[in-house]
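Accompanying notes for the structure given below.
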Amino acid sequence: MHNATRLRHITYKLFNMYVIVDIQGQQFKVQQDQKLFVHRINAEQGSEVEFEKVMLIDNDGDVQVGAPVIEGAKVVVEVLSHVKGDKVLIFKKKRRKGYRKLNGHRQQFSEVRVKEIIA
């Protein structure tokens, strides 16, 4: 029974299509209808944005690797919302010197949903 479960799992994994795309300097592994947070995109909420730096396509086990990108392939995403990330506190101190410095930062993100993968 254990082997049958493992075989089902392997068969299920073979039929997923995913791509690796470069979005503003970061590489993401994305699939159809996936939601993800990327660095802030200068686009209106609800608009569509295309990213053409597709580096790898895996379509049912058929893998295409770009050098460095695959020509004609692109990922179309829809901007859902613009949000701020969690606050990160940076604290610096030098002991016995009276030097203390506290700095905070909140990164700006855009939540996007992958609408279409054109390969």
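Readers should treat all values here as calculations from the given coordinates under stated rules, not as data from a laboratory. Because the structure is predicted, anything quoted here is derived from the model rather than measured. Note: ideal-geometry Cβ built from the backbone for every residue, glycine included; neighbour counts use all protein chains shown.
Observations on the model:
- Between H39, H105, H82, the Gaussian network model of the chain with springs among Cα atoms under 10 angstrom shows the greatest mean-square fluctuation at H105.
- Kirkwood Rh, angstrom, the range 2-118 [1 / mean 1/r, Cα pairs]: 17.1
- With 28 Å as the limit, the listed pairs K53/K115; K35/K87; K29/K92; K35/K92 have K29/K92; K35/K92 beyond it between alpha carbons.
- Gain in span if fully extended, Q32 to H105, counting 0.36 nm per residue against the direct Cα distance: 23.1 nm
- Distance between the C-alpha centres of the range 62-92 and the range 19-47: 4 Å, rounded to the whole angstrom.
- When the Gaussian network model of the chain links Cα atoms closer than 10 Å, the mean-square fluctuations of K29, K97, K87 top out at K97.
- Fewest-first sequence of D62, D22 by Cβ atoms within 10 Å of each Cβ: D62, D22
- Helix 2-14 axis, angle to the chain major axis (alpha carbon atoms, nearest 10°): 80
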